[in-house]
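Asker: Questions regarding the structure given below will be posed in turn.
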Amino acid sequence: MKIKSLLIANRGEITIRITRTAGKLGIKTYGIKTSKEPNAHYLTFVDEIIDFSDSTNDIPEFLDVERIVNSAKKNKIDAIHPGYGFLAESPFFAQRCEEEGILLIGPSPQVIYKMGNKTIAKQIASRYHIPLLKGSQGNLSNPKEARVIADKIGYPVIFKAAAGGGGRGMRIVEKSSQIEKMYRLATSEAEKAFNDPSVFIEKYVRNPRHIEFQIVGDKHGNYIHLGERECSVQRKHQKLIEESPSPALNETLRKKMGDAAINIAKATNYFSAGTVEFLLDDDKNYYFMEMNTRIQVEHPVTEMVTGVDLIELQIKVAQGERLNLEQKDIILKGWAIECRINAEDVQGGFSPYLGLIDKVQYPRSKNIRIDSGIADSSVVTPYYDSMIAKLIVHGENREKAISNSINALNKFWIRGIKTTIPFCKAVLMNKKFKNGDFNTSFIEKEMDQLYHQDKDDEMLAAYLATFDFAAALETDRTTHIDFEQGKNISPWVLNKRLRSL
């Protein structure tokens, strides 16, 4: 089946990202408009808009399975791409698409269910001799059972939600006396977050690295991996900066982990793009953690070092095409780093920062890619995730990628709200990060200061808050403010230059 039309059941930067590849393939795109973001930037990129702004349903628009499926049917749309988040890993949504003859850009409902349940996924990994942490063979029925297992494998241990992700439903247990309390907290949080209280227990690895492998399979039994991503810079289990390749892996370990990732995919007859995630300890032992059956937020770093368009592969695999790549064709060239730019107040404990974005200034270079869901006058609302853009930067090696990323961040300005740009600078300038000597406890243990502020930032920010951009741009629509240059000169000279535009 050749896809001619595509509904993107998502918002923000991933909608724009999917639209661009779909357009390249000659596919007509549809986007969803909501009352929460009636003037959203992503709506200017799709070919047609389906208006959900009249919704009175208690179900959030991007989680309304029946309305999304029925809208696709009504508009005779061939396929739906769920992006990431929302319904991207919902087996029920995949099943409804299948029942209605709508092609889902993703794996089958059965695979989404199996790999979305961590207990089942671990059982599959065990059958194929993929290294696993010691723990329960299935879901726990009570805290007494958990205590027996924990006493046997040794503390610390961790409870994890079987249907979970993103750090929810997870509780670390240091000693036997904490079992009952942590079991209760983990099951309660899992129930609230995933409508499923099931939890399992496993040995807790202190300060591991978080390494994930990008795999792609087609419907004809062909599989490849596209190398790994280093995702250890995290706060509360949320990734903040990713890179590819990982400074922790050599070619031998890369092959072993890549083969393990492909074996996981083969075990379930997986097709589409997916990510197999591992923990890596200090002794370079790796353990299967979970599989994400969707495109990842951090997929651009893989695209930058391999030159492969993962969305294009997803679409082609969905319509039945064979992979046109073999493992020998995948060569990692250089290094790529992704900084997630979130609308958050770092000094305020990473609290969401809402409001109007007055002006956006992006860095520009052949080694820079910006995936963004915002523009001038965009509004950051409380309804969705705080990530508003991604800065992806390439370099011929890791040192150069870090240097290029710092330079790009220095030229990345968002006026009107607070963002994580100063935090990203602080990470990239950290000595241990530069040396590749970090793990998932990096932020808590190695960062004395969570943000970086250049000496001229405060004065320049105060100046820019009073500068009339609208008037300047009305005078000359091609005006380009070089903020980096502005930081290196006196604000009074900058004032004179800007006023003369």
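Asker: Considering only residues that are outside any strand (DSSP E or B) and among the polar types (S, T, N, Q), look in the stretch 250-293 and name the one that is farthest from the chain's Cα centre (by Cα).
Answerer: Thr252
Asker: Take Ala88 and decide whether it is among the small types (Gly, Ala, Ser) and in a helix (DSSP H, G or I).
Answerer: Considered against the rule, which asks whether it is among the small types (Gly, Ala, Ser) and in a helix (DSSP H, G or I), Ala88 comes out as no.
Asker: Of the residues in the stretch 136-171, how many are without any contact (Cβ under 8 Å) to a residue 60 or more places away in the chain, under 20 Å from Met115 (Cβ atoms) and either assigned by TED's automatic domain parsing to the domain that holds Pro91 or in a loop (DSSP other than H, G, I, E, B) (or both)?
Answerer: Residues meeting the conditions: 6.
Asker: Moving to a separate point now. So in the stretch 31-61, with the set limited to residues that are over 17 Å from Val380 (Cα atoms) and of a type in the set (A, V, I, L, M, F, W, C), which one is surrounded by the fewest Cβ atoms within 10 Å (Cβ to Cβ)?
Answerer: Checking each candidate, the answer is Ile59.
Asker: Out of Ala193, Ala248, Ala273, I need the residue that is surrounded by fewer than 22 Cβ atoms within 10 Å (Cβ to Cβ), within 30 Å of Ile421 (Cα to Cα), among the small types (Gly, Ala, Ser) and at pLDDT 95 or above. Which one? Give the steps one after another, and end with the answer.
Answerer: Values: Ala193 fails: at pLDDT 95 or above; Ala273 fails: surrounded by fewer than 22 Cβ atoms within 10 Å (Cβ to Cβ).
It is Ala248.
Asker: Let me confirm something: among Arg67, Arg147, which residue is closer than 23 Å to Ser188 by Cβ and charged (D, E, K, R)?
Answerer: The match here is Arg147.
Asker: Does Ile112 count as of a type in the set (Val, Ile, Thr), within 26 Å of Tyr384 (Cβ to Cβ) and either out of contact with any Ser or Thr (no Cβ under 8 Å at 6 or more places or on another chain) or modelled with pLDDT under 95 (or both)? It would help to see each step written out before you state the result.
Answerer: Details: of a type in the set (Val, Ile, Thr): yes; within 26 Å of Tyr384 (Cβ to Cβ): yes; either out of contact with any Ser or Thr (no Cβ under 8 Å at 6 or more places or on another chain) or modelled with pLDDT under 95 (or both): no.
No; evaluated as a whole, the condition is false for this residue.
Asker: Hey, another quick one. Going through the stretch 37-60 one residue at a time, which ones are closer than 18 Å to Leu356 by Cβ and under 22 Å from the mean Cα position of the chain (by Cα)?
Answerer: Glu37, Ala40, His41, Tyr42, Leu43
Asker: Applying the selection to the stretch 1-46, what residues are touching a residue at least 60 places away in the same chain (Cβ under 8 Å) and part of a strand (DSSP E or B)?
Answerer: Correct list: Ser5, Leu6, Leu7, Ile8.
Asker: Let me ask you something else. Do we find that Glu174 is without any contact (Cβ under 8 Å) to a residue 60 or more places away in the chain and closer than 30 Å to Ile315 by Cα in this structure?
Answerer: Against the criterion (without any contact (Cβ under 8 Å) to a residue 60 or more places away in the chain and closer than 30 Å to Ile315 by Cα), Glu174 does not qualify.
Asker: So in the stretch 196-235, with the set limited to residues that are outside any strand (DSSP E or B) and of a type in the set (Lys, Arg), which one is modelled with the lowest pLDDT?
Answerer: Across the stretch 196-235, the extreme among qualifying residues is Arg206.
Asker: Quick check on Ala375: is it under 22 Å from the mean Cα position of the chain (by Cα), within 25 Å of Arg20 (Cβ to Cβ), assigned by TED's automatic domain parsing to the domain that holds Ala343 and not in a loop (DSSP other than H, G, I, E, B)?
Answerer: On the way: under 22 Å from the mean Cα position of the chain (by Cα): yes; within 25 Å of Arg20 (Cβ to Cβ): yes; assigned by TED's automatic domain parsing to the domain that holds Ala343: yes; not in a loop (DSSP other than H, G, I, E, B): no.
Against the criterion (under 22 Å from the mean Cα position of the chain (by Cα), within 25 Å of Arg20 (Cβ to Cβ), assigned by TED's automatic domain parsing to the domain that holds Ala343 and not in a loop (DSSP other than H, G, I, E, B)), Ala375 does not qualify.
Asker: Of all residues in the stretch 342-372, which are of a type outside the set (Asp, Glu), in a strand (DSSP E or B) and either more than 19 Å from Pro300 (Cβ to Cβ) or under 19 Å from the mean Cα position of the chain (by Cα) (or both)?
Answerer: In the first step, residues of the stretch 342-372 are kept if they are of a type outside the set (Asp, Glu); the result is 342-343, 346-357, 359-370, 372.
From what's left, in a strand (DSSP E or B): 342, 351-352, 355-356, 359-361, 368-370, 372.
The answer is Asn342, Ser351, Pro352, Gly355, Leu356, Lys359, Gln361, Ile368, Arg369, Ile370, Ser372.
Asker: Of the residues Ile105, Ile49, which is within 28 Å of Thr268 (Cβ to Cβ), of a type outside the set (S, T, N, Q) and in contact (Cβ under 8 Å) with a residue 12 or more places away in the chain?
Answerer: Sole residue among the options that is within 28 Å of Thr268 (Cβ to Cβ), of a type outside the set (S, T, N, Q) and in contact (Cβ under 8 Å) with a residue 12 or more places away in the chain: Ile105.
Residues checked against (1) in contact (Cβ under 8 Å) with a residue 40 or more places away in the chain; (2) buried (at least 16 other Cβ atoms within 10 Å of the Cβ); (3) at negative phi:
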{"site": "Ile337", "(1), (2), (3)": "yes, yes, yes"}
{"site": "Leu354", "(1), (2), (3)": "yes, no, yes"}
{"site": "Asp358", "(1), (2), (3)": "yes, yes, yes"}
{"site": "Lys366", "(1), (2), (3)": "no, no, yes"}
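Asker: What's the number of the only condition in (1) in contact with a Ser or Thr (Cβ under 8 Å, 6 or more places away or on another chain); (2) assigned to a loop (DSSP other than H, G, I, E, B); (3) over 30 Å from Tyr451 (Cβ atoms); (4) not acidic (Asp, Glu) that Gln296 fails to meet?
Answerer: In the conditions (1) in contact with a Ser or Thr (Cβ under 8 Å, 6 or more places away or on another chain); (2) assigned to a loop (DSSP other than H, G, I, E, B); (3) over 30 Å from Tyr451 (Cβ atoms); (4) not acidic (Asp, Glu), Gln296 misses (3) alone.
Asker: Only one residue in Gly258, Gly221, Gly217, Gly320 is in contact with a His (Cβ under 7 Å, 6 or more places away or on another chain) and farther than 30 Å from Thr419 by Cβ, so which one is that?
Answerer: Result of the check over Gly258, Gly221, Gly217, Gly320: Gly258.
Asker: Is it true that some residue in the stretch 382-398 is part of a loop (DSSP other than H, G, I, E, B), of a type in the set (Gly, Ala, Ser) and either under 19 Å from the mean Cα position of the chain (by Cα) or outside the structural domain of Leu63 (by TED's automatic domain parsing) (or both)?
Answerer: From the stretch 382-398, those part of a loop (DSSP other than H, G, I, E, B) are 382-386, 396-397; that's our starting set.
From the residues that got through so far, the ones that are of a type in the set (Gly, Ala, Ser) too are 386.
So of that shortlist, the ones also either under 19 Å from the mean Cα position of the chain (by Cα) or outside the structural domain of Leu63 (by TED's automatic domain parsing) (or both) come out as 386.
There is at least one residue in the stretch 382-398 that is part of a loop (DSSP other than H, G, I, E, B), of a type in the set (Gly, Ala, Ser) and either under 19 Å from the mean Cα position of the chain (by Cα) or outside the structural domain of Leu63 (by TED's automatic domain parsing) (or both).
Asker: Among what's in the stretch 95-107 and is in contact with a helix residue (DSSP H, G or I) (Cβ under 7 Å, 6 or more places away or on another chain) and closer than 20 Å to Leu310 by Cα, pick the residue that is surrounded by the fewest Cβ atoms within 10 Å (Cβ to Cβ).
Answerer: Looking at residues that are in contact with a helix residue (DSSP H, G or I) (Cβ under 7 Å, 6 or more places away or on another chain) and closer than 20 Å to Leu310 by Cα, I get Leu103.
Asker: Which of the numbered conditions does Ser272 fail, given that it passes all the others? Conditions: (1) in the same structural domain as Ser232 (by TED's automatic domain parsing); (2) free of Cβ contacts under 8 Å to residues at least 60 places away in the same chain.
Answerer: Every listed condition holds for Ser272 apart from (2).
Asker: Same structure again: Where residues in the stretch 62-86 are of a type in the set (S, T, N, Q) and in contact (Cβ under 8 Å) with a residue 12 or more places away in the chain, which of them is surrounded by the most Cβ atoms within 10 Å (Cβ to Cβ)?
Answerer: Here is the first cut: in the stretch 62-86, the ones of a type in the set (S, T, N, Q) are 70-71, 75.
So of that shortlist, the ones also in contact (Cβ under 8 Å) with a residue 12 or more places away in the chain come out as 71, 75.
Numbers: Ser71: 19, Asn75: 13.
Of everything passing the filter in the stretch 62-86, Ser71 is surrounded by the most Cβ atoms within 10 Å (Cβ to Cβ).
The values are calculated or read from the model by the stated rules, or taken from the named source; none is laboratory data. Computed from a predicted structure; not experimentally measured. Ideal geometry is used to build each Cβ from the backbone, glycine not excepted, and the neighbour counts take in all protein chains shown.
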